[in-house]
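Enquirer: The structure's right below; bear with me while I get my questions together.
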Amino acid sequence: MKKINLLSLIGSIVMCGVCALSFNGTASANDIDSIISNENNVSIRRSSYKETRDSSYEAIVSIFAYDGNPSSSSSSFLNFNGHAFITIENLNANSIKAGKMTAYAYETVSLSTWGNKSQHNGLWYNLESYFANKGEYDGRVSLSRYTTSSELETLNSYINSHDSWSAFTNCSSFATGAWNTISSTKLSAGWINTPSNLKGSIKKNSYSINRAIGYNSNVGYYTGDTFNYVNMNSKRILDSEMVNPNSL
């Protein structure tokens with residue numbers, strides 16, 4: 001009988017559906033002020049922001065986790081389904097950077113790493129935006145926070161140095177690491193990083209369900225400083241693994 005390597009088996013399972021590394025913690029007074037708890041509050045505070053034009057804030061950064069189950073369900077340690085990612089929403093009339101991509105006035109950019117796209121194994125831009133606006137990730141949970149220009153610079157440094165993917169440093173690893181780089185509300189994707197574990201960590205805080213994700217058709221990835229655009233509506237793409245919305 002053929003022997004089974006347990007570590008290899010776990011790695012193979014993870015390939016089928018997961019993605020962060022961090023530590024559980026509590027929010028500081030400053031972070032509580034900047035974390036946005038629900039969609040109604042987002043609208044109110046964004047409106048207030050536009051009226052006051054507080055130049056200390058450049059963007060809203062959000063972290064999302066989806067494990068294939070309703071948001072109200074409990075998370076399982078061995079659930080390797082779903083996806084995790086972040087978004088950067090430009091709050092200004094001027095352009096800002098989201099990783100290597102330029103986010104124009106009031107534009108949203110989604111980012112995460114993927115291991116099941118043949119064109120690129122690593123960081124992709126706006127795939128989640130495309131899928132969410134096709135109705136995917138229903139039941140996703142999230143946290144959001146206002147972000148200063150210096151925090152955004154720190155976040156972009158993290159993003160630009162994490163253009164890679166593996167079964168054990170996957171999408172949940174990327175998303176959690178990115179969030180923890182700028183937030184004092186620390187999240188964890190578990191001992192084995194999965195979107196399901198990250199979902200459970202997010203739900204220990206005041207979280208949102210199905211927070212809207214602005215549509216951005218500029219889907220693709222970078223090779224060095226060159227952006228490789230992928231037309232998600234081409235027949236070649238629609239007939240490929242690119243239409244799978246889930247990845248660790």
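Rule-based calculations on the coordinates, nothing more; no lab input. On a predicted model such as this, the values are computed, not experimentally measured, just so you know. Counting neighbours? That spans all protein chains shown, and the Cβs are built from the backbone with ideal geometry, glycine included.
Enquirer: Check which residues have an amide H placed less than 5 Å from K97's amide H, if you skip close sequence neighbours.
Expert: Those qualifying (amide H under 5 Å, at least 5 residues apart or on another chain) are A103.
Enquirer: Sort F174, F227 by Cβ crowding within 10 Å, fewest neighbours at the top.
Expert: Least to most surrounded, the residues fall as F227, F174.
Enquirer: Just the ratio, please: alpha-carbon radius of gyration of the stretch 119-173 over 2.2 N^0.38 Å, N its number of residues. Working shown, then result.
Expert: Numbers: Rg = 13.5 Å, N = 55, 2.2 N^0.38 = 10.1 Å.
Compared with the compact-globule rule of thumb, the stretch 119-173 sits at 1.34.
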